[in-house]
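So the structure is just underneath, and the comments pick up after that.
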């Protein structure tokens with residue numbers, strides 16, 4: 001709690017000055033209702049941070065461009081981790097949302113038939129067909145029969161690993177290319193890879209030594225989320241090629257040792273690979289429409305106070321577009337790779 005006074009800010013959508021509601025104290029905003037600066041007309045507001053506040057949307061789907069909104073509410077409402085659905089939906093409405101960036105990029109790529117091309121751009125050679133896409137364990141689009149088969153198999157793997165039906169692992173991105181191979185992607189915006197020190201929580205995922213060269217190294221790395229995804233990916237792939245990709249804005253020097261330790265503990269082969277690649281590598285290989293350039297630029301910017309472009313000035317749009325053009329030019333090629 002804090003008694004420091006918030007400054008008025010213009011609505012990022014319509015420009016109306018948003019004056020803080022009277023309050024004895026301010027607390028962190030977990031949803032729009034908690035925001036002291038709200039625009040009822042645009043159904044959004046600013047978080048209660050004194051500096052660089054996050055924009056929070058009342059309708060979570062409004063946090064992604066209108067071109068990719070179809071299907072987003074259904075997908076979030078059916079994400080595989082049942083216990084986390086409500087929180088996931090709420091956080092999706094934040095301008096800093098990692099999931100919103102993921103949805104915008106991958107639903108666009110799949111919808112335009114560009115998913116295989118983008119994955120080929122990060123040296124996944126078996127990505128030669130459109131592929132079946134799942135986000136957080138849900139087929140996208142929902143009616144994709146191939147993705148539905150993968151969804152069913154994912155639940156079977158979760159049951160096999162004795163995960164709770166209410167708290168299943170939900171890989172951020174799965175792209176299944178049938179007999180050609182499988183891709184799992186763990187997405188990061190500016191957050192670090194999850195690191196856990198409790199060795200016991202790794203046990204259920206490290207039980208199949210065929211997938212791990214040295215389980216102790218994996219545990220020592222602390223990279224629990226990546227370890228879960230590796231095991232799940234190996235089970236889903238069966239004998240097919242597998243690539244587990246850690247998608248980041250830029251490699252973190254502080255994580256290098258952990259990632260190297262993690263990779264050394266995996267039973268990698270020419271067919272079964274772990275790699276870290278960047279958003280620039282993934283999205284830099286093809287021409288993007290202007291609205292997507294703007295959305296990606298916002299998603300990869302650390303500032304949280306950039307909201308919808310509805311009603312913004314020409315100068316602001318030009319500035320955003322200029323930043324977005326710089327995405328594909330930044331030098332972010334250092335990667336942690338498995339054998340190819």
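The values are calculated or read from the model by the stated rules, or taken from the named source; none is laboratory data. Nothing here was measured: the structure is a model prediction, and the numbers come from that model. Counting neighbours? That spans all protein chains shown, and the Cβs are built from the backbone with ideal geometry, glycine included.
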Return yes when residue 266 is at pLDDT 80 or above and touching a strand residue (DSSP E or B) at 6+ places or on another chain (Cβ under 8 Å) and no when it is not. yes
Scanning for something buried (at least 16 other Cβ atoms within 10 Å of the Cβ), touching a helix residue (DSSP H, G or I) at 6+ places or on another chain (Cβ under 6 Å) and within 26 Å of residue 17 (Cβ to Cβ), does the stretch 72-90 turn up at least one residue? no
Across the stretch 79-97, what is the total count of residues that are in a loop (DSSP other than H, G, I, E, B), in contact with a strand residue (DSSP E or B) (Cβ under 9 Å, 6 or more places away or on another chain) and closer than 19 Å to residue 186 by Cα? 3
Residue check: is residue 154 closer than 30 Å to residue 296 by Cβ, in a helix (DSSP H, G or I), in contact with a strand residue (DSSP E or B) (Cβ under 8 Å, 6 or more places away or on another chain) and in contact (Cβ under 8 Å) with a residue 40 or more places away in the chain? yes
With criteria (1) surrounded by fewer than 21 Cβ atoms within 10 Å (Cβ to Cβ); (2) modelled with pLDDT of 95 or more, residue 219 comes up short on (1)
Residue within the stretch 98-107 that is in a loop (DSSP other than H, G, I, E, B) and more than 19 Å from residue 235 (Cα to Cα) present: no
Among residues of the stretch 15-24 being at pLDDT below 95 and surrounded by 12 or more Cβ atoms within 10 Å (Cβ to Cβ), the residue farthest from residue 45 (Cα to Cα) is 23
Within the stretch 114-148, which residues are free of Cβ contacts under 8 Å to residues at least 60 places away in the same chain and either in contact with a strand residue (DSSP E or B) (Cβ under 8 Å, 6 or more places away or on another chain) or not assigned by TED's automatic domain parsing to the domain that holds residue 240 (or both)? 127, 131, 132, 133, 134, 137, 139, 144, 146, 147, 148
